[in-house]
1. Could you grab me the full set of residues in segment B:2-23 that are closer than 16 Å to B:Q268 by Cα and either assigned to a helix (DSSP H, G or I) or at pLDDT 90 or above (or both)?
2. With a cut-off of at least 2 residues that are within 16 Å of the ligand (Cβ to nearest atom) and out of contact with any Ser or Thr (no Cβ under 8 Å at 6 or more places or on another chain), name the strands (runs of 3 or more DSSP E) lying wholly within segment B:24-99.
3. Only residues in segment B:46-57 that are free of Cβ contacts under 8 Å to residues at least 24 places away in the same chain count as the first member; pair them with residues that are crowded, with 19+ Cβ neighbours inside 10 Å, Cβ under 7 angstrom, at least 6 apart or cross-chain, and list the lot.
4. In this structure, does A:E47 turn out to be out of contact with any strand residue (DSSP E or B) (no Cβ under 6 Å at 6 or more places or on another chain), free of Cβ contacts under 8 Å to residues at least 24 places away in the same chain and acidic (D, E)?
5. Being among the charged types (D, E, K, R), surrounded by fewer than 24 Cβ atoms within 10 Å (Cβ to Cβ) and within 14 Å of chain A (Cβ to nearest Cβ) is the filter here; which residues of segment B:145-176 pass it?
6. Here is a check on your reading of the model: is B:D109 touching a strand residue (DSSP E or B) at 6+ places or on another chain (Cβ under 7 Å), away from the ligand (no atom under 16 Å from the Cβ) and assigned to a loop (DSSP other than H, G, I, E, B)?
7. Just checking, does segment A:149-162 include any residue being out of contact with any strand residue (DSSP E or B) (no Cβ under 7 Å at 6 or more places or on another chain), without any contact (Cβ under 8 Å) to a residue 60 or more places away in the chain and at the interface with chain B (Cβ under 7 Å from one of its Cβ atoms)?
8. For a quick check of your reading of the model, give me the residue pairs whose first member lies in segment A:269-284 and is within 21 Å of A:P10 (Cα to Cα), whose second is of a type in the set (A, V, I, L, M), with beta-carbon atoms closer than 6 Å and at least 6 apart or on different chains.
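The values are calculated or read from the model by the stated rules, or taken from the named source; none is laboratory data. Predicted model, so just to flag it, every value in this text is computed and none were measured. Cβ sites come from the backbone with ideal geometry, for glycine too, and all protein chains shown count toward neighbours.
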Amino acid sequence: MANELPFEKPLIELRAKIEEIRKFGIEKEIDIAEEINRLEQRYADLEVEIYSNLSASQKMQIARHPMRPTTLDYIQHIFEDFIELHGDRSYGDDLAIVGGIAKLNGIPVTIVGHQKGKDTKDNIARNFGMPHPEGFRKGLRIMNQANKFKRPIITFIDTPGAYPGGAAEERGQAEAIAKNLLEMAGFRVPIICIVIGEGGSGGALALGVGNRVLMLENAIYSVSSPEAAASILYKDASKSLLAAESMKITANYIQDFGVADDIIPEPKGGAHQNVKEQAENIKDTILRHLEQLNGLDEFEIKEDRYKKFRGIGSFTTLENVF
Amino acid sequence: MFKDLFNKKRKYATIPSENSKRDNIPEGLMNKCSKCGTIQFNKELEKNLKVCSGCGYHFRLNAKERFQITLDEGRLFEFDSEMISEDPLEFPGYKEKIKKHQEKTGSKDAVITGEGTIGGFPVVVAGMSFEFFGGSMGSVVGEKVTRAIETAMNKNYPLIIFSTSGGARMEESILSLMQMAKTSAALKKFSDQGGLYISIITDPTFGGVPASFAMLGDYIIAEPGAAFGFTGRRVIEQTIRQNLPETFQTAEFNLKHGQLDKVVSRDQMRSTLIKLLDLHLTKEESDYGE
Ligand SMILES: [Zn+2]
């Protein structure tokens, strides 16, 4: 298994040992079936033990895994007849965000998502999935079109955050994000947002104002990347693991806080272990939620979304304290 | 009362910084400008709306000082004054930090909201304070701003928000992030109803606040020299090792790059707001206060 993560090492070692014994048995013509069975059982137990007790920082490593399926992977597996659309019509075509139209079980939908690269070259072209203002504006343009033609919008969220650069600031990074939040809040069509990997900061939220916010089991969602948070909180970016734990970035917490509506299970070890299975899980979940929203009229769709975000927050008044 | 402030002939006790030692400045009586080193009496500085007589540097104001110089008679009918933050993430040290800032500033959180009048026009206002937790936006800031927007919507009053923020309230992580969506969604409703929203950006305003309500004004005005943007200069320099111009992200820089309508100095802010409010006065609204 290539690209294994540090905490997967015991599994890798055990797998190697099993293979070694198997080879030894064949070479020496010894019956080792019983021993192999015993080890396979131990492997299965170890797998459960490791993958069902993942810490926030371990999930973060899975969410950022170089083999993690991206928006375009899911588009290919979930939708039919995808046509990619390009550009914001003002400045350029930011490859950190992809979008287009396609069919989902025969229904026309609009898809927008962050796009990380598949290799170094691709990652440089896509700025590691960190959009510039023109990326957010391209996303908004495509979503506006969905609103016009009454197509549901599906967004895939997977970014460390908005691109931190001088040109991005000059072109209005803050305004671009803010405008997306404002406009998404007002769309008359259902919006389903799925955090498939990293949901980092306003750059993630700029595609995240949906009627439903879904998260993959190992996805993370936070106000800033744990590295950035650590440099602010502890003046030390290397304390990102501590920040990752403290900020409660994993899907179950995000659901507890009323932000995520549903968690989509991943194959053992993460989505990259079986993209097809993962895509099917996502597709089923999208369809289930679209079905739930099906009976609502345009006004109710907007209100449903408004209520969701209006209710998020944790505060009290002094009278309640005493 | 306010007008008198500006018509008075200004007199300053200014001493060039080279000629004085920091130690010689009597604490609480005088102030040294961090930009040009001019030393001036606090009383004079306050009379000058906390703008340096030497270089025009706009000292940071907290929300109370802001309302004092903006609203008629400095009078605010405050909303949600007792709202305080919880510790939803059970974040180590958060409760203590909140308490420390409450004691230091006498405020409950980084924003004060309410209603008042400006030049006789009724308005809903929100003012942020950088001195409270770096003006960071957590649930309390998001909720109070959202309620202010909703009140402006219900009363059909114009909305004016003075922003300053160092960024998100890390200790509330995802809940902090979602306040951006909450406030923006409320502004969408307000805007669709025809509500007037004037956003005033003061030094400094970064992160979630400009990436939500601060950049969504019908009119966006900034104070001279106010730095604002999404990602701060230091982070950009550290992350991508880019050399940035001296003026990067200042109000003047942002004006040049099309990010705001106007840079307005503090002594002109109130009169500018009155002009803007007057331009939006409809027949129906003119009945207020009669
Ligand atoms: Zn000065």
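1. Hits for segment B:2-23 are B:F2, B:K3, B:D4, B:L5, B:F6, B:N7.
2. B:30-32
3. Sorted first by the residue in segment B:46-57, then by its partner, the pairs are B:C52/B:C33; B:C52/B:T38; B:C55/B:C33; B:C55/B:T38.
4. The answer is no for A:E47.
5. Those that are among the charged types (D, E, K, R), surrounded by fewer than 24 Cβ atoms within 10 Å (Cβ to Cβ) and within 14 Å of chain A (Cβ to nearest Cβ): B:R147, B:E150.
6. yes
7. Within segment A:149-162, the subset out of contact with any strand residue (DSSP E or B) (no Cβ under 7 Å at 6 or more places or on another chain) is A:149-150, A:162.
Filter once more, keeping what is without any contact (Cβ under 8 Å) to a residue 60 or more places away in the chain: A:149-150, A:162.
Add one more test, that the residue is at the interface with chain B (Cβ under 7 Å from one of its Cβ atoms), and what stays is A:162.
Yes, segment A:149-162 contains a residue that is out of contact with any strand residue (DSSP E or B) (no Cβ under 7 Å at 6 or more places or on another chain), without any contact (Cβ under 8 Å) to a residue 60 or more places away in the chain and at the interface with chain B (Cβ under 7 Å from one of its Cβ atoms).
8. These pairs meet every condition: A:G270/A:I62; A:H272/A:M67.
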